[in-house]
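Written out below as structure tokens is the structure these notes cover.
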Amino acid sequence: MIDEIARAWAYLSRVAEPPCPELRALAMQVGPVEAAERVRSGDVDNDVARRTEARRQIDCAAKDLEILDRMGGRLVAADDAEWPLLAFNSFRSIDDRPQAHEPMVLWAVGSASLDEVSYRAAAIVGTRAATAYGEFVAADLAAGLAIRDAAVVSGGAFGIDGAAHRAAMAADGVTVAVLAGGVDVPYPAAHAAMLRRVRDQGLLISEYPPGERPARHRFLTRNRLVAALAGATVIVEAGARSGAANTAAWARALGRSVCAVPGPVTSSVSVGCHALLRAGANVVTRAEDVVELIGHVGELAPDEQRPVSVLDGLADTDKRVYDALPARGSRTSDEVAVAAGLPPTQVLGPLAVLELSGLAVRREGRWKLVRPT
């Protein structure tokens with residue numbers, strides 16, 4: 001029976017271009033096996049018939065499942081324990097985007113569990129034409145997330161995506177590549193070796209059956225899953241018109257945190273990031289900033305380290321008196337008072353503090369600075 005159900009899901013996965021809420025609703029209502037039979041025979045309502053008419057005679061389910069089995073993969077449906085129910089439930093709150101529907105099934109290859117990944121994950125996406133700066137920042141963020149037990153989700157593309165995947169794996173973390181084609185179709189082809197490593201160390205997922213080639217509209221459809229599986233989406237570099245901006249729009253619609261990395265104001269590949277920041281996106285510059293958004297309650301980013309000065313522990317009056325001492329030479333306490341604009345009686349205490357701190361010294365009734373070595 002399990003094989004029959006798997007074959008039904010595999011057939012339904014190919015028979016309509018995802019997302020297809022009408023077909024998914026039918027499968028949820030009558031079960032995948034009966035839904036598959038109805039689609040084959042044409043015994044469906046007009047909406048489902050329209051979406052499945054072109055492909056209902058194509059049945060590659062057995063072959064598709066054989067390919068998946070050879071890859072060590074699995075077909076994940078909504079009634080499986082691995083289904084990221086909470087992550088995908090967010091689609092139900094969107095009514096102004098035509099593709100705002102959860103997938104019917106997912107083809108998955110890898111050791112990571114999809115529901116566990118989505119529990120603590122961040123998406124790192126950006127332009128394919130990344131600069132050295134962008135790739136460095138993406139790698140730094142991904143590695144930082146990996147060592148903090150957060151999964152890194154991206155799209156497997158050139159540029160920012162690839163830098164994020166590689167850095168997460170180098171840090172022995174979990175990374176997920178959401179594909180716009182079948183899990184057996186490495187795209188881009190130059191990333192075939194990297195995607196094999198993702199499969200071994202993390203997870204490859206797609207709502208398209210094996211053998212399906214990526215297409216322009218499928219990348220935009222895929223972006224909604226990247227955003228849904230992550231608690232926050234980080235845009236590292238993006239041009240004025242960018243697929244990464246589309247992912248950010250999905251994240252915002254799904255109620256996820258949208259983050260952007262600022263770049264040089266002269267860089268064309270940071271224009272999209274700066275537009276997101278003007279629209280209210282979170283500024284992120286380190287992994288801790290992202291973990292604060294996707295982590296547990298109370299898991300706050302530590303304060304950023306700042307340069308330490310010898311004057312940090314001084315009161316304002318002490319600093320004012322310190323500034324009144326000349327860079328060269330020395331002054332009496334009365335001269336210090338004039339320079340500081342304080343009554344003479346109010347400079348004696350600060351001068352004593354500076355002396356005890358090793359910042360000033362008194363010689364023959366005059367005060368001079370002691371330069372720190």
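A few notes on this one:
- Residue list for the stretch 35-55, filter: within 39 Å of the chain's Cα centre (by Cα) and surrounded by fewer than 19 Cβ atoms within 10 Å (Cβ to Cβ): Asp47, Ala49, Arg50, Glu53, Ala54, Arg55
- Unique match (being open to solvent by 10 Å² or more (accessible area, probe 1.4 Å) and more than 18 Å from the chain's Cα centre (by Cα)) among Thr127, Thr131: Thr131
- Applying a threshold of 7 Å to beta carbon distances and a minimum spacing of six or more residues, or different chains, the list of pairs starting in the stretch 311-335 at a residue that is among the small types (Gly, Ala, Ser) and ending at one that is open to solvent by less than 40 Å² (accessible area, probe 1.4 Å) and in a loop (DSSP other than H, G, I, E, B) reads Ser333/Val347.
- Scope the stretch 184-238; condition touching a Cys at 6+ places or on another chain (Cβ under 9 Å) and among the β-branched types (Val, Ile, Thr); matching residues: Thr233, Val234, Ile235, Val236
- Residue list for the stretch 244-276, filter: surrounded by fewer than 23 Cβ atoms within 10 Å (Cβ to Cβ), of a type in the set (S, T, N, Q) and closer than 20 Å to Ala142 by Cα: Ser257
- When the criteria are applied in full, Ala238 meets the requirement of being crowded, with 23+ Cβ neighbours inside 10 Å and modelled with pLDDT under 95.
- Those residues of the stretch 127-158 which are modelled with pLDDT under 95 and of a type in the set (Asp, Glu), in sequence order: Asp149
- Once the stretch 165-177 is narrowed to residues that are crowded, with 24+ Cβ neighbours inside 10 Å and free of Cβ contacts under 8 Å to residues at least 60 places away in the same chain, the residue that is nearest to Arg70 (Cα to Cα) is Ala177.
- Residues of the stretch 208-230 that are surrounded by fewer than 24 Cβ atoms within 10 Å (Cβ to Cβ) and either in a strand (DSSP E or B) or in contact with a Lys or Arg (Cβ under 9 Å, 6 or more places away or on another chain) (or both): Gly211, Glu212, Pro214.
- The number of residues in the stretch 164-207 that are part of a strand (DSSP E or B) and under 14 Å from Ala142 (Cα atoms) comes to 3.
- Taking every residue in the stretch 265-287 that is more than 18 Å from Ala232 (Cα to Cα) and pairing it with any residue that is of a type in the set (Ser, Thr, Tyr), at least 6 positions away or on another chain, the pairs with Cβ-Cβ distances below 9 Å are Ser267/Thr131; Ser267/Tyr133; Val269/Thr127; Val269/Thr131; Val269/Ser242; Ser270/Thr131; Ser270/Tyr133; Val271/Ser242.
- Enumeration of residues in the stretch 143-164 that are β-branched (Val, Ile, Thr) and surrounded by fewer than 21 Cβ atoms within 10 Å (Cβ to Cβ): Ile147
- Test: residue in the stretch 281-304 that is over 27 Å from Leu179 (Cβ atoms), at pLDDT 90 or above and buried (at least 20 other Cβ atoms within 10 Å of the Cβ): no
- Residues (touching a residue at least 24 places away in the same chain (Cβ under 8 Å), more than 23 Å from Phe91 (Cβ to Cβ) and open to solvent by 20 Å² or more (accessible area, probe 1.4 Å)) located in the stretch 4-34: Glu4, Ile5, Ala6, Arg7, Val33
- The set of residues in the stretch 1-30 that are within 35 Å of the chain's Cα centre (by Cα) and either of a type in the set (Asp, Glu) or not in a helix (DSSP H, G or I) (or both) comprises Ala16, Glu17, Pro18, Pro19, Cys20, Glu22.
- Given (1) surrounded by 21 or more Cβ atoms within 10 Å (Cβ to Cβ); (2) without any contact (Cβ under 8 Å) to a residue 24 or more places away in the chain, index of the condition Ser118 fails: (2)
The values are calculated or read from the model by the stated rules, or taken from the named source; none is laboratory data. Worth saying up front: this structure is predicted, and the values here are computed from it rather than measured. Backbone-built Cβ (ideal geometry, glycine too); neighbour counts: all protein chains shown. In case anyone asks, the SASA skips ligands and DNA or RNA and just uses the protein heavy atoms, side chains included. Shrake-Rupley method; radii C 1.70, N 1.55, O 1.52, S 1.80 Å.
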